[in-house]
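Take a look at the structure set out below.
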Protein chains: 2
Amino acid sequence: MPTALRNGIEGLNQMVKSILATWRATAVALGILCVLVSSVHAQGATDPLPSWNVGPAKLAIIKSVTATTTEGNPNFVPPGNRFAAFDQDGTLWVEQPMYAQLVFALDRVVALAPEHPEWKTTQPFKSVLAGDRAAIANFTMKDLEQIVFATHTGMTTGQFTAIVKDWLAKAHNRRWHRPYTDLVYQPMLEVMQYLRANGYKTYIVTGGGQAFVRTYAEQTYGVPPEQIIGSALETQFTYNAAGEAILMRLPKLLINNDFSGKAEDIYLFIGGPPQAAFGNAAGDREMLEYTQARGKGALMVLVLHDDPTREYAYGPAQGLPATKIGTFPQALYDEAKAKGWNVISMKHDWKRIFPFEQ
Amino acid sequence: MPTALRNGIEGLNQMVKSILATWRATAVALGILCVLVSSVHAQGATDPLPSWNVGPAKLAIIKSVTATTTEGNPNFVPPGNRFAAFDQDGTLWVEQPMYAQLVFALDRVVALAPEHPEWKTTQPFKSVLAGDRAAIANFTMKDLEQIVFATHTGMTTGQFTAIVKDWLAKAHNRRWHRPYTDLVYQPMLEVMQYLRANGYKTYIVTGGGQAFVRTYAEQTYGVPPEQIIGSALETQFTYNAAGEAILMRLPKLLINNDFSGKAEDIYLFIGGPPQAAFGNAAGDREMLEYTQARGKGALMVLVLHDDPTREYAYGPAQGLPATKIGTFPQALYDEAKAKGWNVISMKHDWKRIFPFEQ
C-alpha cells in the first residue's frame, strides 16, 4: 500500500475515532432516540420532526411526548391535562429587526396621520412620520404606549380585527419580501402539530397583543383564539346605533403578558402550569420556571438565535451580538443549563427554517 | 245512558276540547319537536334531555343544537366555533339563601378567628363571628371585599385550592343536608352534556371566584379549569424557600366578572361571542346581549326560579318575591320576551331538579 494512501487511511481512522469520542457522551441518549424512532417506524409512522437534525433538543421533545402519553410511565399525563405554551416573537416567528406588531403600529400611524395633523409636530408621532429609525429604536415604553393607544384603540373589537387582517394581507417583510405570516419556523410548526397529534392543547403565550395575534394564529399555527394568551387592553361593553352589543377597545392596559406576567396569566387562563413551554428570551424565564414547578417530566425549551446566515444571531448569551429585541441574556443560558432546560441551536438543530424553503 | 254518565262524558269532551285549544298555539312547535325526536329515535339514540318536560324551552335547545350541527343549515357552526356559556349561581346550582362561596368565606372567618383576635371587635368580622345573619344580609360591597380579601388571599394558588376542596368535602347545605356540589340542576347537566356530545365547548361564566369554581367544576359539571371564566384576584409570581416558582394570591381585584364584565371577559378568554348562553339574573343580561350580537341562530336562555316547593321562587319578575341574591327583574323578563330569548320555568319545564332525586 503506498505511504500516501496508508497515511490517508490512518488520518481517516483518527477522524472517525475523534468523531466517536465526541459522540460517546450522547451515545446513550441517541440509543434511546433510535429505539423511539424505530418504534415510530414500526407503527408505520414517519419522523414527526423532519425539519430537525438528530440531537439533544429533538431527543428531549420526542422523549417527553412519548413519556407523557404512555400509560404506566411515571410521567404520564392524562389527555385533558396536556398543555404546551409557546412564546411567539422569536420562538414561532421572526422578531428581528423589529416585532411585526410594532411595524403594524408604525404603519398605522402613517395611515392615520391625515386625521391627526398635530402628529407632524408632536413626538413620538413626528419621528414615525419622518421615518427616523434611530429615534424609533430609542422609543421609551411611554412612547410605545402612546403609539399603541393611538393605533389600537377607539374602535370595536371587530373593527380592529378587520384592520389587522387588511394590514397582514398587504404588508411584506423587507428582508424576505414575504408576508409576515410566512416567516414562521417550520421546526416549531412541526412540534406544535406533533404535540396536538398526541393530545396536547397548544397555547400561544405572547408579550404581543392578544387581539393582534388572534387574527392570524389559527390559520398560521393551528391555534384557535381561545388558546391565545397575550397582552390585552381593556374593552368596554356598549351598544351600536342599532342597539346591538359591541365591545370598544380602550386605551388602558389590562394584561401585561411578559416576564412574571406570563406565569400569572397562564394560571388565569389555564388554571395551572403547562406540561411544556417554549420561549427564546428573558421575558420567557418565569414561564419556564413556572412550567418546571409542575414537577418531574416537565419540558422547558429555549430557542437560541445563532444563525446569522439563514436568520439572525443575537444574545448576548454565548457571545452572540446583544439586542434590545428578544434579548437572551447569559444568565438565562446559565439557568437553562443548571436546571436541565433544553436550548435549541437554530444553526445546528434546525435543518430548515421556513416553510417556504423546500 | 244515565244522565249522570252522559253529563260526565259531556264534561270530559269539553275538558279535552279545552286542553286541545290551549295546546293549539304550540302545536306547530310541538310538531317540529316530534320530527326532531323521531329523528333522534331513528338514529337509535334516546332523549338527550330526559329531565325536561316537552315545551318551548326544550324545543328551542334541541332546535338550536340540531341547526348548528347540521351541515347545509343556514345556522350551521363549524365544530371549533361552538361555544356555550353558563352562569353558575342560580343557573347551574342553588344560590339561595346565600351563594355557596359566601358561606365558604364566612366559615373561613370563623376558622381563622383564633389568629385574628382583633376581629372580635372589628366589623364586618364581628358580625360574622356573632352569627348575626341580619347584619350579614346587609353587608356592603366594601364589607364583602374585606371578608373576601381576609379569606381568599395571602396564600399560594395551590394552598387556596386545598382549602376550598377541604371545605367542600365537609360543608353541608342546611336545607338539603347535602354537600353544595350535590345541589346542581340535573336538567342543566343534561344540556351541558348534550352540547358537548354535539361538539360544543361548555364554559362557566360566573360572577363567583374563578379559583373557587375551578376546584370542583370538572368533577361536578365536566368543565375543565381552562373553561372557567370568573371573577379573579391578581396573583404574584415569586419563589418558595426551595427556589421553586409559586403564585401568591393578592388582595386586588383583577377581573370583576358580572354584568358587562361577563361580555368583556368572554371576549378576553374566547375571542368573541358564544353561540349559546344560559343565565338567570340581572348580571347575565349583557352576556346574553353579546351572545345575540353574534347573529341569527344564537341561543339565549334564562332560568326563572318559580318553584317554591322543589327549590325557590324569586324575581321580582312575574310577581315573584324580590331578592338581593340572583335578582331577576321584570325589565329582564320583558327584554327576553321582546328579543326572542327563552325563559325556563323551573316549575313547568323541569321534571326533576337534582340528580339525587330519582
Next item on the list: Can you tell me which residue within segment A:29-64, out of those that are among the aliphatic types (A, V, I, L, M) and at pLDDT 95 or above, is most open to solvent (accessible area, probe 1.4 Å)?
Entry: A:VAL54
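For the subset of segment B:250-286 comprising residues that are part of a loop (DSSP other than H, G, I, E, B) and more than 9 Å from every other protein chain (Cβ to nearest Cβ), which member is most open to solvent (accessible area, probe 1.4 Å)?
B:ASN256
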Item checked: A:SER64 vs. criteria touching a residue at least 40 places away in the same chain (Cβ under 8 Å), polar (S, T, N, Q) and part of a helix (DSSP H, G or I) -> yes
Notebook entry, point to check: Within segment A:67-120, which residues are under 24 Å from the mean Cα position of the chain (by Cα) and basic (Lys, Arg)?
Noted result: A:ARG82
Note to self: Take A:GLU289 and tell me if it is at the interface with chain B (Cβ under 8 Å from one of its Cβ atoms) and in a helix (DSSP H, G or I).
What the structure shows: yes
Notebook entry, point to check: Would it be correct to say that A:LYS165 is open to solvent by 60 Å² or more (accessible area, probe 1.4 Å), assigned to a helix (DSSP H, G or I) and closer than 15 Å to A:GLY209 by Cα?
Noted result: yes
Note to self: Looking only at segment B:100-126, filter to residues that are more than 23 Å from B:GLN88 (Cβ to Cβ) and of a type in the set (A, V, I, L, M, F, W, C); which one of those is most open to solvent (accessible area, probe 1.4 Å)?
What the structure shows: B:VAL110
Notebook entry, point to check: From the list A:LEU129, A:LEU144, which one is open to solvent by 40 Å² or more (accessible area, probe 1.4 Å) and touching a helix residue (DSSP H, G or I) at 6+ places or on another chain (Cβ under 7 Å)?
Noted result: A:LEU129
Notebook entry, point to check: Out of segment A:179-199, which residues are part of a helix (DSSP H, G or I) and open to solvent by 10 Å² or more (accessible area, probe 1.4 Å)?
Noted result: A:TYR180, A:THR181, A:ASP182, A:GLN186, A:LEU189, A:GLU190, A:GLN193, A:TYR194, A:ARG196, A:ALA197
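Within segment B:200-249, count every residue that is assigned to a loop (DSSP other than H, G, I, E, B) and open to solvent by 30 Å² or more (accessible area, probe 1.4 Å).
Total satisfying the criteria: 6.
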Check: Being over 22 Å from A:LEU183 (Cβ atoms) and not charged (D, E, K, R), is that true of even one residue in segment A:300-312?
Finding: yes
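The values are calculated or read from the model by the stated rules, or taken from the named source; none is laboratory data. The model shown is predicted, which means the values in this text are computed figures rather than measured ones. Cβ: placed from backbone, ideal geometry, glycine included. Neighbour counts: every protein chain shown. Only protein heavy atoms, including side chains, enter the accessible area calculation; ligands, DNA and RNA are left aside. Shrake-Rupley method; radii C 1.70, N 1.55, O 1.52, S 1.80 Å.
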